Each structure stands twice: as structure tokens, then as C-alpha cells.
Amino acid sequence: MQQKVTSITKPILQNAVQSLFSADFFPRKLLNIADLGCAAGPNTFSVISTVIESVENQSRESNSQMPELQFYLNDLAGNDFNTLFKGLSGIFSKNQ
């Protein structure tokens, strides 16, 4: 169910990134992204990957320098963030 919702919202997220580039927001050197209630599952990784890919594509299309991305991840204190960080390292190494 969550994966279905994530796939439905992917185009919305891509359009949001695109609107940043078309709204004279860029070129900026830094883009902050917050994922509140993120947990440590594949949905978080999917959202982060979508943002990274969308910003890369828009930067390339607009001949702008890729901004630095800062992700703010927040969830319940009882969740295991070590699992999240291990999964994130795979995403960032894939995108470099």
C-alpha cells in the first residue's frame, strides 16, 4: 500500500522540483529537503532517489550547477536510524 502511494506521488514530487527551477529559484547552491516521519524503509529511499534524480535532471536541462542537497529525516525516537543510514549510503554511492 505504501509503495503504491509513493509511486502515485512520484510525479508530484518531480513537478515540485521542476517548479523550483522554473520559478527563478535556481541557481542556488543549497537545497534543503525534509522528510518528516520517514522511518527506515524503501519508501524513504525512493523519495530521496526521486529528489536527487529530479534535481540532477533539472540542473542538466537548465545548464545550472547541481546544488548541494541537505536531507532532514525525522521519525519516532524508537526507530532504528542506523538501518536508515546504512541504506542511504547505497543511494549516495549510486548517485556519485
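The values are calculated or read from the model by the stated rules, or taken from the named source; none is laboratory data. Quick caveat: nothing in here was measured; it's all calculated off a predicted structure. In this analysis, Cβ positions are derived from the backbone assuming ideal geometry, glycine residues included, and neighbour counts consider all displayed protein chains.
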Answer yes or no: is there a residue in the range 61-75 that is among the aliphatic types (A, V, I, L, M) and either in contact with a Leu (Cβ under 6 Å, 6 or more places away or on another chain) or at positive phi (or both). yes
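This table checks each residue for (1) within 17 Å of Ser89 (Cα to Cα); (2) surrounded by 16 or more Cβ atoms within 10 Å (Cβ to Cβ); (3) of a type in the set (A, V, I, L, M).
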{"residue": "Lys29", "(1), (2), (3)": "no, no, no"}
{"residue": "Glu56", "(1), (2), (3)": "no, no, no"}
{"residue": "Ser59", "(1), (2), (3)": "no, yes, no"}
{"residue": "Asn63", "(1), (2), (3)": "no, no, no"}
{"residue": "Glu68", "(1), (2), (3)": "yes, no, no"}
{"residue": "Phe71", "(1), (2), (3)": "yes, yes, no"}
Subset of the range 33-54 (residues that are under 17 Å from Gln3 (Cβ atoms) and either polar (S, T, N, Q) or without any contact (Cβ under 8 Å) to a residue 12 or more places away in the chain (or both)): Asn43, Thr44, Ser46, Ser49, Thr50
What helices (runs of 4 or more DSSP H) lie completely within the chain and have 1 or more residues being at pLDDT 85 or above? 2-22, 42-61
